[in-house]
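Just so it is clear, none of the values below were taken in a lab; they were calculated from the coordinates. Just so you know, these numbers come straight off a predicted model, no measurement behind them. Cβ: placed from backbone, ideal geometry, glycine included. Neighbour counts: every protein chain shown.
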């Protein structure tokens with residue numbers, strides 16, 4: 001029997017090189033199959049996904065430690081199980097009932113604040129498990145829950161009653177600005193020039209910004225993020241130090257607050273009605289500008305201060 005026959009078939013003894021080659025091939029095949037089966041997180045596996053993953057792993061491991069295992073048959077079985085799972089997922093898109101029969105569908109555990117004990121029994125859950133899941137979803141009171149549903153992947157999703165849901169800016173008719181995705185511009189003390197170019201800033205601008213915050217050397221920075229408004233968040237390696245903040249923005253806010261206060265005083269103290277109205281108008285405009293800048297520059301804790 002040739003070396004390649006020993007590698008792919010079963011044999012009484014296999015050279016160490018053969019085991020290494022089997023390991024490399026199995027790793028490559030598993031990596032390929034994991035991509036084909038889809039980027040599902042481990043915590044989001046359905047029962048069927050978990051069974052398929054364990055079975056494929058068991059088939060691969062047996063072929064890696066036992067030379068008498070037919071390696072080519074192991075590869076065929078791994079590919080077959082992956083193919084069956086992908087086929088089931090594709091069929092589930094076209095015929096949802098097929099996947100629902102095999103994998104299962106969502107199961108309502110709570111409806112309008114009432115626990116459905118039969119469904120809870122079907123899910124093999126007790127009240128402690130249910131209440132724990134509701135507390136994690138920030139819904140400790142059953143009367144606040146409109147629906148609690150056990151999803152096929154094992155997670156419990158909670159829909160609160162409308163009067164118990166949190167208010168959003170849309171509910172209050174508040175117009176918010178686009179936040180965008182923060183961009184990392186420094187990581188492990190190294191400036192990422194491409195990220196700066198993407199945001200339209202230069203390295204000199206970044207260094208000046210760091211200097212304003214009291215950071216002289218970017219090497220002291222663990223990570224720095226830049227948001228869509230040009231605000232820089234800096235985290236230093238030294239956790240004992242406070243997070244660096246730029247002082248220019250705070251100084252601008254302080255100056256505008258003084259101007260706003262003085263305009264308001266002038267509008268009330270002047271005897272000329274026309275002048276008073278003019279100062280009042282400027283005070284209102286300054287106040288609007290100040291409120292907008294506060295939301296852009298300061299954090300929620302700083303605004304409260």
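Mind sorting 72, 121 by how few other Cβ atoms lie within 10 Å of their own Cβ, fewest first? Don't skip to the end; give the middle numbers.
Working: 72 13, 121 10.
Result, fewest neighbours first: 121, 72.
Can you give the Rg to Rh ratio for region 107-164, taking only C-alpha atoms and Rh from Kirkwood? Could you put the intermediate results ahead of the total?
Values: Rg = 10.1 Å, Rh = 11.0 Å.
Here Rg/Rh amounts to 0.92.
Given a cut-off of 14 Å, what percent of all Cα-Cα pairs of region 183-236 lie beyond it?
Values: 606 of 1431 pairs.
The proportion of pairs with Cα distances above 14 Å equals 42 percent.
Starting from the Kirkwood radius over alpha-carbon pairs of region 24-143, derive D by Stokes-Einstein at 25 °C in a medium of 0.890 mPa s and give it in µm² s⁻¹. Each step should come with its number before you reach the end.
Details: Rh = 17.3 Å.
Roughly 142 µm²/s, to the nearest whole number.
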